[in-house]
2 protein chains.
Amino acid sequence: MEKIAIGFLGCGNIGCGVYKLLETYGAQIEANEGVSFEVRRILVRSLGKKRALPIPGHLLTDRAEEVIDDPQIAIVMEFMGGEEPASSYMIRALERGKTVVTANKMALASRWTQIVATAREHQSGLYYEASVCGAIPIIRAINDSLQANRITSVMGIINGTTNYILSRMSREGASYDEVLADAQRLGLAEPDPTADVGGYDAAYKLSILSTLAFHRHVPVNCVYREGITGVTPLDVQCGKEFGLTLKLLAVAKEENGVIQARVHPTFVPNAHPLASVSDAFNAVYVDGHACGEMMFYGRGAGDMPTASALVSDLIKAGKNKKHPLPAVCAEPCVMADDWSCVHFVRMLAKDEPGVLSYVSGKFAEHGVSIASMVQKGARDAQGCVQVIFLTHKASERAVRKALAEMDDEKVAQGSVIRVEGE
Amino acid sequence: MEKIAIGFLGCGNIGCGVYKLLETYGAQIEANEGVSFEVRRILVRSLGKKRALPIPGHLLTDRAEEVIDDPQIAIVMEFMGGEEPASSYMIRALERGKTVVTANKMALASRWTQIVATAREHQSGLYYEASVCGAIPIIRAINDSLQANRITSVMGIINGTTNYILSRMSREGASYDEVLADAQRLGLAEPDPTADVGGYDAAYKLSILSTLAFHRHVPVNCVYREGITGVTPLDVQCGKEFGLTLKLLAVAKEENGVIQARVHPTFVPNAHPLASVSDAFNAVYVDGHACGEMMFYGRGAGDMPTASALVSDLIKAGKNKKHPLPAVCAEPCVMADDWSCVHFVRMLAKDEPGVLSYVSGKFAEHGVSIASMVQKGARDAQGCVQVIFLTHKASERAVRKALAEMDDEKVAQGSVIRVEGE
């Protein structure tokens, strides 16, 4: 069987994982799928570096053009990460008619329009299952299994680091800083954890997922983003008392052509399938008109799960004569400037007669109706108490406005966590 | 765009669902996927019957040959259910070079070898995502996303009726008969519920899933099968006390080329993702060498979820130039004649000095080691007490042998529920 020549951009742990899977399963893939691959060239940063696998030295190069300009290489697999130079390399490969298989959510989300347009113009293949949630075949589910649906919402736990941190905070009552330090020690969080804990990583992935689900390009800068750095053990604990589990949720919904896409700490009811997704696991929950509610669960990161997705894309790319491109409408998306959900409000309020009436009056003034209220603990040195409110479904903007006024009037300071999935 | 002519075999609720999805999403599918379909002929049992949708009368026929022998029909969609005449119709369509898209797990599992061989011989397409777990794209996940893996186990809640019954028994402490009667009233169980509660439906689906996962044909008569009719509220309650949730689980594992495939009531630890799959939902849990643990959750039955899967197969069939066939090795599978798991044993034993020592001695004699034991309630009129044992991982055969001897010696009668996922 004729072997398809492939090139790697990058050869860290994921690249080594792909190399290993092709060694292990190459014969099985050839027998079952009728395609066969040969790694022809691998771009590395340092030729001399010791790698997880013994990769023959003649495959390695530190010159990108030896991969992206080699006319014999039909498929370029990219796992360098980062926006540049990965994006430029991918675009150049696509311009040369090569198929690109990538795990790079950052490059893809940041440069979506340009990368997809290049692939379209040159009729080149573009495959990116591994860019969102590792081994979980969520992109194929949306693209290839749910076409006869109007997808109304996509909600996911799509960042393993933050889910690990929140799971441990929830189990142990530990503080954010404590668990983060542990996660860093264990290699589950980066020395600079901003991309994960700030919600940036999840926002990239949500941009890709919502673009595919709603057939409209949802740029990453249209994704509302709030990280988990402000989450306190008290939030987690109070949520528990209301039967809620705290997650960093990526939420995208479409209604009447208007899209909301947001990443923020979110409470989900304990009975919701997303609530039991713990530690470094990921899950994406999809709701569609015909299919109903679905959830896809698995290892959202890690070298071998990501490599597993990359090789499945490689096989698909190798078998396809024509390469499908994302079915995205050319019109720009219309983003919601407000959304409605249940709000969990933790508030520090003066413990004085009339304050509760003032607070509930202020909420009512803005059309926010209270579902339940509970006071936590005793008054502090400043004469304030913690009060938790759960609202009925209410406008985000109205809740924020009410809280801003209470703060301005120096009566109460509130912080908000949204509730989804009830 | 040229329309692909399709024919339906059957037009009950699922057939009407497919018709409706093609009406609703036809234009979107044409725009996004580049394929277009036209329903040319529909086989029905009775031409005059009132249907869920107003389907033009000229499409209907009560003569199967007008669908399966029509040279203009390229794709035959089958949703008659049952082994015959569905199998014969599908085989005839395949012999005529037509592609078959089916939701019929019974026909497919019972006649697997013949149907697949016919498709292979005539290079005809065969698509059956809808035959297992409705909208959940589990067959594609296994076939198209996890090729670079050795799948070691597949465990699923793949029958909605039994999961509904067990969920309610667990929530309400109700008896099997009570909940079954309710389910029948609600249309969630058939008047003759045997196919569901006896585990037959799950066995068909497990035969298909395990065949694909392990690349060896696992015939449905090689699937060990035990239904839920013997499950008591006491089992459910005792399991709860051990932190276990009762499910009808379909379990398939592969080790050193030997396959076990079994459907039986099974306890799973509450923290396992399968434990929180409630009511009529389905979920399939897959473990593979590279991908790690994954779970696919959704509506495993119902007209629209099933229709959603059928249309996604139809699109795939319409786009494919070459039709992939299941990558199943020709060698017959080697089935395990025993398996090892934790056993939950509920036992009615004489409340006499020495009995506990006899029981634990008998288990030890057969190499079965006890992890915990608890006596439930007081002695009954016959002087017997209920005792629950949880074993360490032990051979199924050894546990059964020990219990048979205790029964023969008239000391204790035990019933077994397996525990998986710990």
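The values are calculated or read from the model by the stated rules, or taken from the named source; none is laboratory data. Just so it is clear, the model here is predicted, and its values are computed rather than measured. Cβ: placed from backbone, ideal geometry, glycine included. Neighbour counts: every protein chain shown. Quick note on the areas: whole protein, heavy atoms, side chains included, nothing else; ligands and nucleic acids left out. Shrake-Rupley method; radii C 1.70, N 1.55, O 1.52, S 1.80 Å.
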Inset, instruction - Among the numbered conditions (1) touching a Phe, Trp or Tyr at 6+ places or on another chain (Cβ under 9 Å); (2) in contact (Cβ under 8 Å) with a residue 60 or more places away in the chain; (3) outside any loop (DSSP other than H, G, I, E, B); (4) charged (D, E, K, R), tell me where residue A:279 comes up short. - result: (3)
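Please verify whether residue B:316 is of a type in the set (D, E, K, R), open to solvent by 10 Å² or more (accessible area, probe 1.4 Å), at the interface with chain A (Cβ under 8 Å from one of its Cβ atoms) and out of contact with any His (no Cβ under 7 Å at 6 or more places or on another chain), treating the condition exactly as stated.
Yes: the conditions hold for residue B:316.
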Inset, instruction - Mind listing whichever residues of segment A:53-78 are at pLDDT below 95 and touching a helix residue (DSSP H, G or I) at 6+ places or on another chain (Cβ under 7 Å)? - result: A:53, A:55
Inset, instruction - Please work out if residue B:106 is open to solvent by 50 Å² or more (accessible area, probe 1.4 Å), more than 14 Å from chain A (Cβ to nearest Cβ) and hydrophobic (A, V, I, L, M, F, W, C). - result: yes
Legend entry - Filter result (within 15 Å of residue B:282 (Cα to Cα) and either without any contact (Cβ under 8 Å) to a residue 12 or more places away in the chain or not in a strand (DSSP E or B) (or both)) within segment A:283-292: A:291, A:292
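In segment A:175-223, which residues are among the aliphatic types (A, V, I, L, M) and out of contact with any helix residue (DSSP H, G or I) (no Cβ under 9 Å at 6 or more places or on another chain)?
So in segment A:175-223, the residues among the aliphatic types (A, V, I, L, M) come out as A:179-181, A:183, A:186, A:188-189, A:195, A:197, A:202-203, A:206, A:208-209, A:212-213, A:218, A:220, A:223.
If the condition is that a residue be among the aliphatic types (A, V, I, L, M) and out of contact with any helix residue (DSSP H, G or I) (no Cβ under 9 Å at 6 or more places or on another chain), then A:181 is the only one that fits.
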Inset, instruction - Could you identify the single residue in B:402, B:381 that is open to solvent by 60 Å² or more (accessible area, probe 1.4 Å), out of contact with any strand residue (DSSP E or B) (no Cβ under 7 Å at 6 or more places or on another chain), modelled with pLDDT of 90 or more and more than 24 Å from residue B:269 (Cα to Cα)? - result: B:381
Inset, instruction - Could you figure out which of (1) farther than 20 Å from residue A:318 by Cβ; (2) polar (S, T, N, Q); (3) open to solvent by 80 Å² or more (accessible area, probe 1.4 Å); (4) in contact with a strand residue (DSSP E or B) (Cβ under 7 Å, 6 or more places away or on another chain) isn't true of residue A:13? - result: (4)
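Going through A:373, A:347 one at a time, which residue ends up being open to solvent by 70 Å² or more (accessible area, probe 1.4 Å) and either under 35 Å from the mean Cα position of the chain (by Cα) or of a type in the set (D, E, K, R) (or both)?
The unique qualifying residue is A:373.
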Legend entry - Any chance residue B:30 is free of Cβ contacts under 8 Å to residues at least 60 places away in the same chain and either within 18 Å of residue B:310 (Cα to Cα) or surrounded by fewer than 20 Cβ atoms within 10 Å (Cβ to Cβ) (or both): yes
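The rows are residues; the columns are (1) of a type in the set (Gly, Ala, Ser); (2) within 14 Å of chain A (Cβ to nearest Cβ); (3) within 16 Å of residue B:124 (Cβ to Cβ); (4) in a helix (DSSP H, G or I).
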{"position": "B:2", "(1), (2), (3), (4)": "no, no, no, no"}
{"position": "B:38", "(1), (2), (3), (4)": "no, no, no, no"}
{"position": "B:71", "(1), (2), (3), (4)": "no, no, yes, no"}
{"position": "B:82", "(1), (2), (3), (4)": "yes, no, no, no"}
Inset, instruction - May I ask you to verify whether residue B:66 is out of contact with any strand residue (DSSP E or B) (no Cβ under 8 Å at 6 or more places or on another chain) and either open to solvent by 50 Å² or more (accessible area, probe 1.4 Å) or not in a loop (DSSP other than H, G, I, E, B) (or both)? - result: no
Inset, instruction - Please work out if residue A:132 is touching a helix residue (DSSP H, G or I) at 6+ places or on another chain (Cβ under 9 Å), of a type in the set (A, V, I, L, M) and away from every other protein chain (no Cβ under 14 Å). - result: no
Legend entry - Test: residue B:271 is at pLDDT below 95, more than 10 Å from chain A (Cβ to nearest Cβ) and open to solvent by 40 Å² or more (accessible area, probe 1.4 Å): no
Inset, instruction - Considering only segment B:274-310, state which residues are over 14 Å from the mean Cα position of the chain (by Cα), under 23 Å from residue B:233 (Cα atoms) and surrounded by 24 or more Cβ atoms within 10 Å (Cβ to Cβ). - result: B:277
Legend entry - Selection count where residues are open to solvent by 40 Å² or more (accessible area, probe 1.4 Å), in a strand (DSSP E or B), under 28 Å from residue A:179 (Cα atoms) and among the aliphatic types (A, V, I, L, M), scope segment A:214-260: 0
Legend entry - Test result for residue B:368, touching a helix residue (DSSP H, G or I) at 6+ places or on another chain (Cβ under 7 Å), at pLDDT 95 or above and buried (at least 17 other Cβ atoms within 10 Å of the Cβ): yes
Inset, instruction - Can you run down the residue pairs with Cβ atoms below 6 Å, 6 or more apart or on separate chains, where the first is in segment A:316-331 and more than 23 Å from residue A:4 (Cβ to Cβ) and the partner is open to solvent by less than 50 Å² (accessible area, probe 1.4 Å) and outside any helix (DSSP H, G or I)? - result: A:328/A:217
Inset, instruction - Could you please let me know if residue B:109 is touching a Lys or Arg at 6+ places or on another chain (Cβ under 9 Å), within 27 Å of residue B:330 (Cα to Cα), small (Gly, Ala, Ser) and touching a residue at least 40 places away in the same chain (Cβ under 8 Å)? - result: yes
Legend entry - Among residues of segment B:319-333, those that are away from chain A (no Cβ under 12 Å) and open to solvent by 80 Å² or more (accessible area, probe 1.4 Å), counted: 2
Legend entry - Enumeration of residues in segment A:274-301 that are in contact with a Gly (Cβ under 8 Å, 6 or more places away or on another chain) and within 7 Å of chain B (Cβ to nearest Cβ): A:290, A:291, A:292, A:293, A:294, A:295, A:298, A:299
Legend entry - Check on residue A:396, surrounded by 15 or more Cβ atoms within 10 Å (Cβ to Cβ) and of a type outside the set (A, V, I, L, M): yes
Inset, instruction - Return the pairs, sorted by first residue and then second, in which the second residue is of a type in the set (Ser, Thr, Tyr) and in a loop (DSSP other than H, G, I, E, B), the first residue lies in segment B:72-94 and is closer than 23 Å to residue B:37 by Cα, the beta carbons are less than 9 Å apart, and the residues are 6+ apart or on different chains. - result: B:93/B:124; B:94/B:124
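Give the residue, chosen from A:420, A:409, that is over 30 Å from residue B:288 (Cα atoms), in contact (Cβ under 8 Å) with a residue 40 or more places away in the chain and of a type in the set (Asp, Glu).
The conditions single out A:420.
Condition check ((1) open to solvent by less than 10 Å² (accessible area, probe 1.4 Å); (2) touching a helix residue (DSSP H, G or I) at 6+ places or on another chain (Cβ under 8 Å); (3) outside any helix (DSSP H, G or I)) across all residues:
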position: A:18; (1), (2), (3): yes, yes, no
position: A:24; (1), (2), (3): no, no, no
position: A:51; (1), (2), (3): no, yes, yes
position: A:101; (1), (2), (3): yes, yes, yes
Legend entry - Flag if residue B:263 is crowded, with 24+ Cβ neighbours inside 10 Å and within 14 Å of another protein chain (Cβ to nearest Cβ): no
